[in-house]
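Working notes, beginning with the structure itself.
The values are calculated or read from the model by the stated rules, or taken from the named source; none is laboratory data. Note that the structure is a prediction, hence the values are computed from the model and not measured. Note: ideal-geometry Cβ built from the backbone for every residue, glycine included; neighbour counts use all protein chains shown. Only protein heavy atoms, including side chains, enter the accessible area calculation; ligands, DNA and RNA are left aside. Shrake-Rupley method; radii C 1.70, N 1.55, O 1.52, S 1.80 Å.
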Amino acid sequence: MDNRSNTQRRFRRMIPLRSAAAVAVLALVASACGSSDSAAPAPSPAPAPAPAGPDDAELLRQQIEDHFQGETIEFLVGFNPGGAYDTHARVLAEFLPSVIPGSPAIVVQNVPGGVSLNAARQLALSRPDGFTMGVYSSNLDFQSAVGVSLPGLDPRLLIQLGTALNWWSSVPMWCARTDVATSFEELVGLGREVRFAQPSLFPAAAFMDLIDVPFTNVLGYPGVPDVVQAVNSKEADGSGWCTWETFDNLAPEWVVSESVLPVFYAHDLDLLDGEVNAEWHARTGVPVPPMLKDLVRLTDEQLKILELVSLEQFTSTQNIAVSPGTPDFVVGALRDAIRQVAESEEYQAAMRERNRVPGYRSPEEIDANVAAILGYPDEVKAVVRAMFEK
Amino acid sequence: MYMQAFSEALGLLFTWQVLISLAIGTVGGLVGGALPGTGLAGLFVLIGFAYTLDPLVAIPMAIGFIVPVATTDAIPAVILGVPGSASTQAVIMDGYPLARRGEAAWALASAYWSSIFGGMVGVLTLLLAIPFARSIINLMGSPELLVIGLLGIGIVGLVSSGDSLRGLIAGALGMLVAMVGSDPIIGSTRLELGTIYLLGGIGIIPFTLGLFALPELATLVGRGRSIAETGAAAGVEFRSGRSEVFRALRTVIENRWLVARSAAVGALIGVMPGVGLSVIDWLTYGLAKSTVKDPEMFGKGDIRGIIAPSSADNATLSAALVPTLALAIPGGLTMAIFLGFMTIVGIQPGPTMLTDNLSLIYLIILCVFIANTFAGGTALLLSSQIANLTRLRPATLFPPVMAILTLAAIQASSSSYDLLVFLAFGILGGVMVKTGWPRVPMIIGFVLAPIIERYYWLTVQAYGWSFMRRPAVIIIVIIGFGTAILLMRVTAKAKSFAGGSTGATEDSPLGPSENSNRE
């Protein structure tokens with residue numbers, strides 16, 4: 001009797017263990033089925049034959065509509081919710097269904113990590129059917145172009161669709177607390193290391209290590225608001241990432257009280273589209289500060305490196321792409337849709353409401369920018385590559 | 001200006017769309033907080049709809065999702081001994097032993113009352129501090145945040161185990177696990193073993209749930225008795241019902257100064273961005289243990305071990321809105337998500353809010369107050385029913401709990417590798433329980449490592465070693481050493497009182513449970 005009741009007790013104890021094992025197995029199966037990070041891409045569908053002439057435009061439209069009808073497009077975002085990338089994607093996701101034939105639903109999914117590397121890789125591995133698109137940092141393209149090895153990804157294989165957010169003309173200024181200095185000469189003449197708080201080691205900041213200036217990058221602040229706080233609390237003398245958005249949205253008191261003002265531009269403005277900055281200077285009355293290349297004697301090689309660093313700013317976009325092998329007619333449809341949305345007044349108004357500058361850059365322009373980077377001398381690219389591999 | 005904005009906010013509050021949105025969010029937050037690891041899930045779902053929602057609907061709903069989590073996350077901590085969120089680890093220390101003595105209802109109700117009062121302190125802090133946010137936050141820089149983080153590591157090593165050395169080693173191990181992926185300064189990769197998955201680091205949810213939940217559930221199953229039957233076997237009667245709610249209220253009133261100072265500490269540190277809720281949880285627990293007259297029962301079922309962190313948590317959550325709204329600097333992951341949420345909805349947090357959207361700020365404050373009070377009140381009404389979960393047989397409780405935990409472990413990233421992490425750390429947790437190693441310091445080390453590393457590098461870059469001469473740093477270090485000395489004396493006294501042992505042991509398939517090793 002004792003043995004049987006012991007057995008019964010052991011059996012009853014086993015029930016939850018077996019239930020747990022069953023649940024765990026089911027969860028493993030469910031997550032494996034749902035997980036996209038281990039799925040091998042399916043063979044791409046056979047591309048449809050290109051239309052023969054103008055009369056086939058309607059046929060193409062019907063084909064696109066049939067392809068997207070009732071489908072859902074997953075829009076991967078390489079950063080957390082609420083940031084510029086996420087806002088870009090979510091606002092686009094509201095407008096795109098109305099301009100894509102077939103009106104597919106678009107669901108935004110955040111895949112943060114590796115400065116959008118995780119999202120770009122997941123995009124590259126997705127099925128080439130146009131039902132997965134993603135937005136990632138063009139900095140990955142730049143890094144790849146100068147020869148930085150990105151684990152598990154060659155972003156140049158992704159098919160570009162364009163971008164609907166203007167990042168390239170928001171050129172960061174190097175600003176300093178006016179109680180420290182009001183000009184580049186005063187900064188250099190302080191007789192000590194000048195501390196600039198940076199949200200990351202962007203190329204222009206790394207460039208300062210190559211020239212003879214007493215500037216120290218203080219790295220590690222999680223975001224621009226933290227950089228602003230560091231300057232306000234006098235933990236740093238200034239920052240190399242003072243964009244017009246920083247002044248307008250995060251530190252409006254800087255201009256009003258003249259407590260922090262721009263001192264110089266590190267980037268070569270002659271190579272950049274500084275339209276937005278020019279408008280800000282005109283609006284606020286803050287004088288346009290001089291450029292670094294006019295303040296410091298640079299060697300020819302340093303000038304070339306600065307040119308490439310400035311090109312990194314010029315090519316700074318939030319690239320929207322699909323996976324390699326996506327059929328041409330699908331790619332064409334998505335490119336047209338993004339261009340239409342980018343050019344619509346409603347979209348532009350929605351972005352401005354969220355303090356984002358709308359804009360459009362075509363996939364051809366994005367590809368041309370990458371080609372321009374590739375055309376730089378290897379020794380120049382090697383120096384810039386080292387900036388990313390620190 | 002302020003009075004006008006406040007009256008506008010009151011007018012906005014008493015509209016059907018705001019009240020209904022707040023109610024929907026609060027119910028969602030109540031449920032989300034009660035399920036371990038899913039506190040933010042509701043907010044993530046809401047983000048998907050945020051663009052289409054009116055700000056007056058979206059923001060109250062989001063507040064409703066966020067605030068109650070700090071109240072109901074005590075449920076898994078007390079009932080199962082599993083942290084419901086990063087801010088309820090300390091509650092496990094005394095909440096779970098109380099549940100095993102059949103006093104889960106009293107423990108939960110005490111946590112809720114403390115949450116209500118602590119939340120009020122937080123709301124008051126939010127109301128008074130927001131206009132002066134910049135000036136207040138300027139008092140603390142990277143050095144101060146660094147030493148607060150180190151203080152958190154040090155205190156947890158002292159409070160969580162009879163063997164402080166093991167506690168500190170476990171904390172160091174947790175810090176090592178946190179370093180997998182990339183560094184927070186320039187993003188260089190380390191310990192990722194060449195895999196893409198580990199580039200993003202080990203997820204906190206599968207790590208925490210695996211380390212805590214799986215061993216505790218295995219212990220429960222192995223024991224073959226309900227959670228509350230442990231106490232029953234020792235002759236303690238299971239207590240529940242409305243009388244426990246009033247008993248808890250009397251307890252909280254008797255310890256009103258503990259509630260007040262814990263909430264004050266939580267609010268003060270919550271205003272400082274970047275510190276994290278886990279530090280405040282343990283700081284207030286450690287401060288409580290070191291300042292009460294009879295701390296012998298801390299870690300074995302002392303109700304004050306629940307009251308202190310619970311009141312601090314809710315105060316912290318409200319206070320963390322100060323830097324988030326006024327400076328666009330989030331105080332932690334929850335605030336970072338809320339910050340992004342506001343941007344999607346079309347509201348730009350930051351200094352311009354104080355001039356352009358002051359009435360919205362006051363509306364948010366009012367929503368926080370209502371959500372906190374409503375959540376606490378609802379939780380109090382249900383505390384006895386929830387406490388009855390401790391009377392369920394393991395065969396009944398285990399399958400749904402295991403399913404929830406498994407889904408929670410993978411819901412953050414939908415990656416099957418998170419499940420492997422969950423299982424792997426579950427095995428590690430079981431080994432640690434079996435061999436008497438504390439797990440709590442490991443989690444604290446994991447949570448604090450990125451904070452400490454970031455602020456260490458910022459401090460060294462910006463100040464060099466001169467940071468040690470900063471007055472605020474000196475004050476914090478003195479407070480820290482003082483607390484540590486008091487805690488060591490308390491620990492030594494408890495050991496000598498117990499005749500050299502650190503607590504009773506119990507039979508378990510995995511050996512002595514962690515409760516028996518707690519001081």
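Spin-label model, B:L176/A:D294: points 7 Å from Cα along the beta carbon direction are separated by 5.6 nm. Proximity of backbone amide H atoms, modeled 1.01 Å from N, is registered between A:V108 and A:F75 at under 5 Å, excluding neighbours fewer than 5 places apart on the same chain. Between the amide H of A:L161 and those of A:I320, A:A321, A:V322, distances stay under 5 Å, these residues lying 5 or more places away or on another chain, with hydrogens modeled in the peptide plane.
Its DSSP H runs of at least 4 residues, each contributing -39,500 (n - 2.57), put the calculated 222 nm mean residue ellipticity of the protein assembly as shown at -18500 deg cm²/dmol, to the nearest 500. State whether the range B:350-407 is rounded, prolate or oblate according to the following rule on the C-alpha gyration tensor (a ≥ b ≥ c being the square roots of its eigenvalues): a/c under 1.5 gives rounded; otherwise a/b larger than b/c gives prolate, and the remaining case gives oblate. Oblate, because a/c is 1.5 or more while a/b does not exceed b/c. Measuring with a 1.4 angstrom probe and ignoring ligands and nucleic acids, A:R156 comes out at about 110 Å² accessible. Taking all protein chains as shown and a probe of 1.4 angstrom, A:K381 keeps an accessible surface of around 20 Å².
The amide H of A:T132, built 1.01 Å from its N in the peptide plane, has A:E74 as neighbours under 5 Å, considering only residues 5 or more places off or on other chains. Note on A:H281: accessible area approximately 10 square angstrom, rounded to 10, probe 1.4 Å, nucleic acids and ligands left out. Residues A:S183, A:S323, sorted by accessible area with the largest first, give A:S183, A:S323 [1.4 Å probe; ligands and nucleic acids excluded].
Computed log10 I(q)/I(0) for the range B:329-379 at 0.16, 0.20, 0.28 Å⁻¹: -0.56, -0.81, -1.11, from the Debye equation with unit scatterers placed on every C-alpha and solvent omitted. Under the simplified labelling scheme, the B:W257-B:T396 pair shows an inter-label distance of 4.4 nm, with each label point 7 Å from Cα along Cα→Cβ. Note on A:D56 and A:D270: their simple-model spin labels are 4.9 nm apart, each label 7 Å out from Cα toward Cβ. log₁₀ I(q)/I(0) of the range B:236-321 at q = 0.11, 0.13, 0.22, 0.24 Å⁻¹, via Debye over equal Cα point scatterers, no solvent, to two decimals? Each listed q corresponds, in turn, to -0.32, -0.44, -1.01, -1.11. Net charge dipole, chain A: roughly 2400 debye, given to the nearest 20, about the Cα centre with Cβ charges of +1 for Lys and Arg and -1 for Asp and Glu. Taking a ≥ b ≥ c as the square roots of the Cα gyration tensor eigenvalues, with a/c under 1.5 meaning rounded and otherwise prolate when a/b beats b/c, else oblate, which class fits chain B? Taking the square roots of the gyration eigenvalues as a ≥ b ≥ c, chain B is rounded.
By accessible area, using a 1.4 Å probe on protein heavy atoms only, the protein assembly as shown has 62% of its surface on carbon and sulfur. Remark: accessible surface ordering of B:W106, B:W257, B:W437, A:W280 (largest first) is B:W257, B:W437, B:W106, A:W280, probe radius 1.4 Å. The calculated FRET efficiency for the pair B:E8 and A:I211, based on their C-beta separation and a Förster distance of 56 Å, comes to about 0.55.
Return a single number: how many Lys pairs in the protein assembly as shown, at a sequence separation of 8 or more or on separate chains, have alpha-carbon atoms below 21 angstrom apart. Lysine pairs, 8 or more places apart or on different chains, close enough: 13. According to the square roots a ≥ b ≥ c of the eigenvalues of the Cα gyration tensor, what is the shape class of the protein assembly as shown, taking rounded for a/c under 1.5, prolate for a/b larger than b/c otherwise, and oblate for the remainder? Judged from the Cα gyration tensor, the protein assembly as shown comes out prolate (a/c at least 1.5, a/b above b/c). Cβ under 11 Å from B:G181's Cβ, B:G181 left aside: what net charge do those residues give with Lys, Arg +1 and Asp, Glu -1? After counting each charged neighbour, the total is -1. Kirkwood radius for the range A:281-390, taken over all pairs of different Cα atoms as the inverse mean of 1/r, rounds to 17.5 Å.
For B:G141, neighbours were defined as the other residues whose beta-carbon sits under 15 Å from its Cβ, and their charges (Lys and Arg +1, Asp and Glu -1) total +3. Within the shell of other residues whose beta carbon sits under 12 angstrom from the beta carbon of A:P327, the net charge comes to -1, with Lys and Arg scored +1 and Asp and Glu -1. Counting Cβ atoms of other protein chains within 10 Å of each residue's Cβ and taking the mean over peptide B:395-406 gives 5.
Ordering A:A204, A:V227, A:I159 by the projection of their Cα atoms onto the charge dipole of the range A:150-231, which places +1 on the Cβ of Lys and Arg and -1 on the Cβ of Asp and Glu, puts A:I159 at the extreme positive end. Karplus-derived 3J(HN,Hα) values for the range B:380-396, using 6.51 cos²θ - 1.76 cosθ + 1.60 with θ = phi - 60°, are 4, 4, 9, 4, 5, 4, 5, 4, 5, 4, 6, 9, 6, 5, x, 4, 7 Hz; glycine and proline are entered as x. Accessible area buried by the pairing of B and A, both sides summed with a 1.4 Å probe, works out to roughly 4300 Å². In this calculation the C-beta distance from B:L249 to B:I479 is compared with R0 = 25 Å, giving a FRET efficiency of 0.20.
Convex hull volume of the C-alpha atoms in the range B:384-462, normalised per residue: 180 Å³. Subtracting the Cα-Cα distance of A:R192 and A:L374 from their residue separation scaled by 0.36 nm leaves 61.7 nm.
Residue-wise HN-Hα couplings along the range A:81-95, as the Karplus relation 6.51 cos²θ - 1.76 cosθ + 1.60 with θ = phi - 60° gives them from phi, are x, x, x, 4, 5, 5, 4, 3, 5, 5, 5, 4, 4, 6, 9 Hz; Gly and Pro carry x.
For chain A, averaging the sequence separation of C-alpha pairs within contact (under 8 Å, six or more residues apart) and dividing by the residue count gives a relative contact order of 23 percent.
Each of B:A90, B:Q4, B:L30 was placed along the dipole of the protein assembly as shown (beta-carbon charges, centred on the mean Cα), and the one lying farthest toward the positive end is B:A90. The dipole here belongs to the range B:89-219: it is taken about the Cα centre, uses +1 on the Cβ of Lys and Arg and -1 on the Cβ of Asp and Glu, and is about 100 debye.
With the convex hull drawn around the C-alpha atoms of the range A:307-363, the volume per residue stands at 105 Å³. Computed over chain A with a Gaussian network model linking Cα atoms closer than 10 Å, the most mobile of A:G134, A:G285, A:G147 is A:G285. Using bins 20 angstrom wide from zero, how does P(r) for chain A break down, in % of all Cα pairs? Computed distribution, short to long bins: 24, 48, 20, 6, 1. In plain terms, the chain from B:I427 to B:L139 could stretch by 99.3 nm, reckoned as 0.36 nm per residue minus the Cα-Cα distance. Relative to the compact-globule estimate of 2.2 N^0.38 Å, the Cα radius of gyration of the range B:261-390 comes out at 1.23. For the protein assembly as shown, the Cβ-based charge dipole about the Cα centre amounts to some 5000 debye (Lys, Arg positive; Asp, Glu negative; other atoms uncharged).
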